[in-house]
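To start, the structure under review is shown below, and the notes come after it.
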Amino acid sequence: MRTADGWMDYELMDCSGGERLERWGPAVLIRPDPQVIWETPREHPGWSEYGAQYVRSSSGGGHWEKRGIPGKWPMSWRKLTFQAGPMNFKHVGLFPEQAVNWAYMMELVQERIDGQGTAPTVLNLFAYTGGATLALARAGASVCHVDAARGMVTWARENAVLSQLADAPIRWIVDDCGKFVEREIRRGTVYDAIIMDPPSYGRGPGGEVWKLEDNLYALIRQSARLLSDNPCFFLVNSYTTGLSPAVMSYVLGAVLQNQRGGTVMCDELGLPVTQSGLVLPCGATAIWRP
């Protein structure tokens, strides 16, 4: 497991009984996590001194119960600044475990620049609020940021301003990721690296239904056609229960390794838990490199 342990503004303080106790900058939040099936004593004072809690409804969904926290606030990671704040469906605007991937991809971009003297072009699909986009732009890459939700792209652009990357070479695209890939293939566009962080289930701007198990392999196969003849990497994230790192590595291997060689690395991502010293699993990643 690769652990995102380099945060200063984020801390997973404790987890018990299906919930996380987290510090997001100045705010202490309680959020549900279905993987936390153990019951341990809630001795950390944050369990009673939190600023907001996401409460699930018995009929599905849920809502935030707030205790006077602001709508949004800044969070810093390295030289990047993001907005965080309570969103729909327990989200806060970042997936902090992804910082370990941001750091790794920044290293790959720097290696490419140092070794070849050119900055790679990167396609970021399902790009959310821009964590990976801004990390890659900070490292020197040119990035095409694609997400179907206009609000998320707006949030990502605000993050770029906060991170002093408003003028960085980033294309901001609101579109269904699958349809965008098809158009880029027809246009003959290529990228040196591709990232995708698809949801388990979702809908595009025109009501298009996305279901990970049904659509992931086809999307990876199509997206691979956009890789240049001088590729840098292809990274896939998943938060879908049952889709293990090994399964994702098999998909990347079948699509890319058989045609282009290279290697595939896969692993779980995790966050260290301050109270217990454990590491909470938080999704999986597979990465192909030439």
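Restricted to region 106-133, and to residues that are in contact (Cβ under 8 Å) with a residue 60 or more places away in the chain and small (Gly, Ala, Ser), which residue is nearest to Leu80 (Cα to Cα)? Across region 106-133, the extreme among qualifying residues is Ala132. For region 139-153, filtered to residues that are surrounded by fewer than 24 Cβ atoms within 10 Å (Cβ to Cβ) and in contact with a Ser or Thr (Cβ under 7 Å, 6 or more places away or on another chain), the residue that is farthest from Ile173 (Cα to Cα) is Ser142.
For region 64-85, which residues satisfy the criterion of being over 17 Å from the mean Cα position of the chain (by Cα) and closer than 20 Å to Ile30 by Cβ? Scanning region 64-85 gives Trp64, Glu65, Lys66, Arg67, Gly68, Ile69, Pro70, Gly71, Lys72, Trp73. When you scan region 228-244, do you find a residue that is hydroxyl-bearing (Ser, Thr, Tyr), touching a residue at least 12 places away in the same chain (Cβ under 8 Å) and loosely packed, with under 15 Cβ neighbours inside 10 Å, even just one? Yes, region 228-244 contains at least one residue that is hydroxyl-bearing (Ser, Thr, Tyr), touching a residue at least 12 places away in the same chain (Cβ under 8 Å) and loosely packed, with under 15 Cβ neighbours inside 10 Å.
Here Asp175 meets the list (1) over 17 Å from the mean Cα position of the chain (by Cα); (2) at pLDDT 95 or above; (3) farther than 21 Å from Arg112 by Cα almost entirely, failing just condition (2). Residues in region 86-105 that are of a type outside the set (Phe, Trp, Tyr), within 13 Å of the chain's Cα centre (by Cα) and part of a loop (DSSP other than H, G, I, E, B): His91, Val92, Gly93, Leu94. Among the residues of region 151-193, those identified as more than 25 Å from Met75 (Cβ to Cβ), without any contact (Cβ under 8 Å) to a residue 60 or more places away in the chain and not in a loop (DSSP other than H, G, I, E, B) are Cys177, Gly178, Lys179, Phe180, Val181, Glu182, Arg183, Ile185, Arg186, Arg187. Restricting Asn258, Asn230 to residues that are in a helix (DSSP H, G or I) and assigned by TED's automatic domain parsing to the domain that holds Ala141 narrows the list to Asn258. Regarding region 194-213, can at least one residue be identified that is closer than 30 Å to Cys15 by Cβ, in contact (Cβ under 8 Å) with a residue 12 or more places away in the chain, in contact with a Ser or Thr (Cβ under 6 Å, 6 or more places away or on another chain) and not hydroxyl-bearing (Ser, Thr, Tyr)? So far as region 194-213 goes, yes, one or more of its residues are closer than 30 Å to Cys15 by Cβ, in contact (Cβ under 8 Å) with a residue 12 or more places away in the chain, in contact with a Ser or Thr (Cβ under 6 Å, 6 or more places away or on another chain) and not hydroxyl-bearing (Ser, Thr, Tyr).
Could you list all residues from region 139-150 that are among the small types (Gly, Ala, Ser) and either in a loop (DSSP other than H, G, I, E, B) or under 15 Å from the mean Cα position of the chain (by Cα) (or both)? The answer is Gly140, Ala141, Ala148, Ala149.
The values are calculated or read from the model by the stated rules, or taken from the named source; none is laboratory data. Fair warning: this is a prediction, and the values are worked out from it, not measured in the lab. For neighbour counting, all protein chains shown are included, and Cβ atoms are generated from backbone atoms with ideal geometry for every residue, glycine included.
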